[in-house]
Structure formats: C-alpha cells, structure tokens
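Here's the structure we're looking at; comments come further down.
Bear in mind these aren't lab numbers, they're just calculated from the coordinates by the rules spelled out. It should be emphasised that the depicted structure is a prediction, and the values quoted were computed from it without experimental measurement.
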Amino acid sequence: MGASKEIGFKVIVVGAGPSGLLLALLLAKQGISVTLIEKSSEYDKQPRASFYSYPAQYEFKRAGIMEDVDAKAFHANGVSWRNIDGSLIAQLDTSDSPPDFQMVSLPLDELLPLIGSHLDRQPSAEVLWSHKVLSLRQDEHQAWVEVESPSGTQTLYASYIVGCDGGGSKVRRELFGQNFPGRTWDEQIVATNVYLPNLKKHTPPDWTTSNFMISRDHFPMIAQISNDGLHRVTYGEEGGLTYDELRARQPDKYKAFVPGKPEPEDYKMINFSPYKIHQRLAERLRVGRVLLAADAAHLCNPFGGMGLTGGFADVGGLYDCLYGIYSGQCDDSILDKYSDIRREKYQDVIDPISSGNLRRLWDPKAIEDDEFIKMVRRTNTDREYAGQMREGVKAVMHDFTQYYNKT
Ligand SMILES: Cc1cc2nc3c(=O)[nH]c(=O)nc-3n(C[C@H](O)[C@H](O)[C@H](O)COP(=O)(O)OP(=O)(O)OC[C@H]3O[C@@H](n4cnc5c(N)ncnc54)[C@H](O)[C@@H]3O)c2cc1C
C-alpha cells in the first residue's frame, strides 16, 4: 500500500497503558496530532503498578495531572525490611521528606481513567479502542500500521510510531522478531489486592506503608495502596506451578507471612494474578521512525517499583525529543540519543537496582551485611545523608532538552 506524504507532524502511540496514555497526553498538550491505538475495549484492571516516586511525579506535573493524582492517591509514610515474623531489620521513614519525594499510591485501574479523562479533553488527540496493531512498516517519509478494528482492517499513517504496547509488544516484535535480550527468573510471583481489616491488630507499631520480608520461600511485600484500606500483597512462588496450583496454595502462603496468620474468611481478596518476572532490554529503542518505550522497551521485576518509574522516565524523555523535532529545536538524530541513553539508564540503574531489590529478600543470613540495608539505617540518624539518598531516585531520569539546537 502506498504511503501519503500529506500527514503533517503526527504521532501514533500503540497501547493505552500508563506509558502510552501519558505520552499521548504530553504530546497533545503541545497541540501535536496524536492517535492512541488500544486493542482492548477498556482500561486494564490487573494488579500491577501502584507506587509512584519522584520521576513519575515529575512527569505527572508536566502533564498537568499531579493535582488530580494527589487528590485520589494514598500517601505513603515509608518502607521497611523485616524478618518473616514481622520484626524490623531496617526502615526508610519518608514521612518528613519534601512532598516531591514522598511516594504516592494509586492503583492502575484508577490512574488509567484519570490520565484518559485529561486526554479526552485534548482536541489534537484521538483514542481508538478495540484497534489491534497487526503489522508495521515505514519508508523515509512516514510509518504506518495495519490495525484490526470493529469496522475491518485499516491502515493508519504517522510521522512517528511509538510502541507503548507492553512486555509482549507487537511493535517490538515487528522490529526484532522474538529477540528481547535478557533473562526470565526461575521464580514467579503472585500479586494480590486484598482488604485485610484485622491487619492493624497484629502489626508492630513500626509497621510502614510498604514492608518487604526476607524469606527464600515467600519473599513477600505487604503494602497499603489506597485510602480505603486496600493492600497489595505480593509474594514469591516456585516456577512451573499452574494457575490452579498457585490459587490453591494462596491461603497457606498468607498464613506463613501476613501478621495474624489470617484465614480466608478474615480477608477479602479482589485480585489474584501470577506473573513471570524478567530482566530484558530491547537491542535498540529506535528503528527509523519507530520507537519503543516503557515495558515494550524493557522489563524488570516489580520489587521496588522500578518498572513504570523507568517507563515514565522514557516517556518524558521521548516527549521532549518529539516536541523538539516538531518545534524545530532539533533534528531527528535526537532519537538516537533517546535510544542510547534510555538503554544505558536500564543497564546502569534499573536492572541492577531492581535485581538487587529482589535478591536482598532471599537470604536472612546476608541481610546484616547488605550495603543497601546499612545505607537505609544510616538515614535514620544522618539527615543530610537521607537527603542525598532521596536525590538518588533521579538517576533514572535524563533531560533531553539539553540537546536542542545541538543535534
Ligand atoms: C505485580 C506488579 C506490580 C508492579 N508495581 C509497580 C509499581 O508499584 N511501580 C512501578 O513503577 N511499576 C510497577 N510495576 C510495573 C508496571 O506495572 C509496568 O511497568 C507498567 O504497567 C507498564 O506500562 P506500559 O504502559 O508500558 O504497558 P502495559 O501496562 O502493559 O500496557 C500496554 C497496553 O498496550 C496494549 N496493546 C498490547 N498489544 C497491542 C496491540 N497489538 N495493539 C494495540 N494495543 C496493544 C495492551 O492492551 C495494554 O493496554 C509492577 C508490575 C507488576 C507485575
């Protein structure tokens, strides 16, 4: 099929997950014509990202949604590392951190429609639900996708196409086939969203919003994620177990580590989702007019919330690059910098930190000698050091506007 040269500057974003929605909103707020293509007919409701730290909040502010996020979010007071009996090992108290550095929690089933409601108000944006990308091509002038839609197969054209279509990204597979370098952990995890009305009766006074427990068998994380008392309980499981086996083991798992050893009648579980966990990075995040961001570009295990934090940092960087090209402040070689620098951020920051966060939960004997645990303890007595450690979360970010008029 021939490609029209009359489209002007237009961006197609594939995937109305958190990264695609935020990128579309940032671009549309600058008047850039953007089409967001989503294969589902509604927002995803799986229990995934919930906690957002400084880099995510920075992009929420730029997109003009931070006030709305703040109004709905649960505000976290800190993170603890504990033995499996709940006793404290180390604690990061964030209750007196500057507001920008306090974690907020808003489960994706609330965040996605919130971003979407802002996007719906943008005249230069359109969202195409129930449109599934089947294939992708490009030439020197433009790129185009073939999509399956309720009204049949269509071809949609753009200056640039961004794959924000998640870990199984069709856009990435069109570029690189099955090649997604990295590894899959032998372990798997189960993420549950659950109301635990009696939890407070059984937790120690130093219990914080998020609590990681050290155990090779369970490596649980228990965190409150909403103002109405919803908790995220995520725990480790053996690889190779089926969904039904995992489901059957869940009550005993809870009894092994949730304070108070609750029986099923003591809680109300509203989501149960097993996940395989991966550390993977695409070999390039740019091929001509096609770009990859967030989970389509890289995956990490969710302990410590580095996944979407890195994804939103991609989105903010890519927005600056595309806006720079649109506004004539740079040429499109800035997209090569995007690819190189965002890959470096994954290799140097996201992969090592997220892998360390997971392994730290496995060995009760090694925990006392763990350098990160020593750093966390130091923040309790050394406020200046606590400030430096807070600033460390910015390491995942990069300001691409510094290359304007230099590319
Ligand atoms: C248990 C768990 C907890 C987590 N907690 C956190 C956390 O607290 N903080 C954090 O930062 N990260 C966290 N993460 C990671 C985070 O959830 C992901 O990084 C994030 O959801 C990725 O967003 P995305 O927009 O890139 O992809 P997705 O959310 O996967 O969205 C991709 C979208 O693309 C659509 N799509 C796919 N294929 C096509 C196609 N062919 N055509 C059209 N549309 C398509 C999909 O339907 C979907 O809507 C967690 C992950 C898990 C599993």
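Just a few scattered comments:
- Between the alpha-carbon centres of the range 165-208 and the range 124-157 there is a gap of 29 Å.
- If the chain linking K374 and D93 were pulled fully straight, counting 0.36 nm for each residue of separation and taking away their Cα-Cα distance, it would gain 99.7 nm.
- Helical content of the chain, expressed as a calculated mean residue ellipticity at 222 nm, amounts to -9000 deg cm²/dmol (DSSP H runs of 4 or more residues, -39,500 (n - 2.57) each, divided by residue number, nearest 500).
- Rounded, prolate or oblate (a/c below 1.5 giving rounded, otherwise prolate when a/b exceeds b/c) for the range 15-66 by Cα gyration tensor: oblate
- Rg over Rh, two decimals, the range 286-346 (C-alpha only, Kirkwood Rh): 1.01
- Principal semi-axes in Å for the range 1-92 [√(5λ), Cα gyration tensor, largest first]: 38, 16, 11
- By DSSP, the beta bridges lying fully in the chain are antiparallel in about 70 percent of cases.
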